[in-house]
Amino acid sequence: MDSLVRRIRKVEPVRVAVVCASHYGATRGIAERIAAELRAAGLTVRVYDAAEPPHAEDVAGVDAFVIGSAVYMGHWLRDATTFVRRYQPTLLEHPVWLFSSGPLGTPATDAEATDILADTVPAEIADFGSTVRPVGHRVFFGAIDPDSLSLAHRTIRRFPGAAEKIPAGDFRDWPQIEAWGREIARSLVRPAAQA
C-alpha cells in the first residue's frame with residue numbers, strides 16, 4: 001500500500017472520493033468533516049452518498065477513497081458494503097481508508113474495561129482487509145436524535161433497558177475525527193520539501 005500512496009503523491013491535484021452510508025445523518029457529518037480537512041490540505045474532494053454512489057467514470061478519475069458507514073447490529077449499512085464490493089477491483093488499486101460510526105455514549109471502556117471502539121469493529125472490516133487492503137480503519141462514536149428516528153427504531157428504544165444502551169445525544173469526537181482527516185491528507189500530499 002505504501003507504493004500506492006507514493007504513486008498518488010505524484011498526481012496533482014489529488015482527487016479523493018469520500019463515500020458514506022448514513023441512516024440519520026450522523027455518519028454523513030463525519031464524512032463532511034473529514035472532507036473539510038482533506039480540502040484544507042489542498043486536495044480535491046467530493047462527498048458521495050453510498051445510496052447514490054459515483055458513476056464508474058467518476059470513480060475512474062479518483063486517486064484515493066475514504067469510505068464510511070453507520071453501524072447497526074455489528075454491520076455496515078448495505079449501501080456501503082455494496083459500493084465496496086462493486087468497486088473492489090478499483091479500490092484495490094488505490095489508497096483506501098475506511099471508517100465506521102456507531103457506538104453511543106461517552107465512556108471509552110465498558111464495565112469489563114473493554115475498549116468500546118476496538119470492540120465494535122463491524123463484521124465486514126475483516127473481509128475488506130483482504131479484498132481492498134485499506135490503509136486504515138477507524139471506529140468513531142456516533143450520534144442519535146430520538147425525534148428523527150423511524151417508528152421501528154423508536155419502538156426498539158422503548159424496550160426495557162434499551163434507552164440506556166442506545167443513549168440520545170451527539171457523541172462524535174470532532175477533534176479525533178479532524179485529526180484522522182489530517183493524517184489521511186498528510187499521507188496523500190507530498191511535503192513541500194519534496195515537491
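Values quoted throughout were computed directly from the atomic coordinates according to the rules given, and no laboratory measurement underlies them. Here the structure is a predicted model, which means the values were calculated and not measured. Cβ placement follows ideal geometry from the backbone for every residue including glycine, while neighbour counts extend to all protein chains displayed.
Tabulated values for the structure
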item	result
For region 38-129, with +1 on Lys and Arg beta carbons and -1 on Asp and Glu, the positive-most of A64, W97, P122 along the dipole	A64
M73-R86 pseudo-label distance in nm [points 7 Å out on the Cα-to-Cβ vector]	2.3
Integer Hz, Karplus 6.51/-1.76/1.60 couplings in order for region 133-142, x for Gly and Pro	6, x, 5, x, 9, 10, 10, 10, 5, x
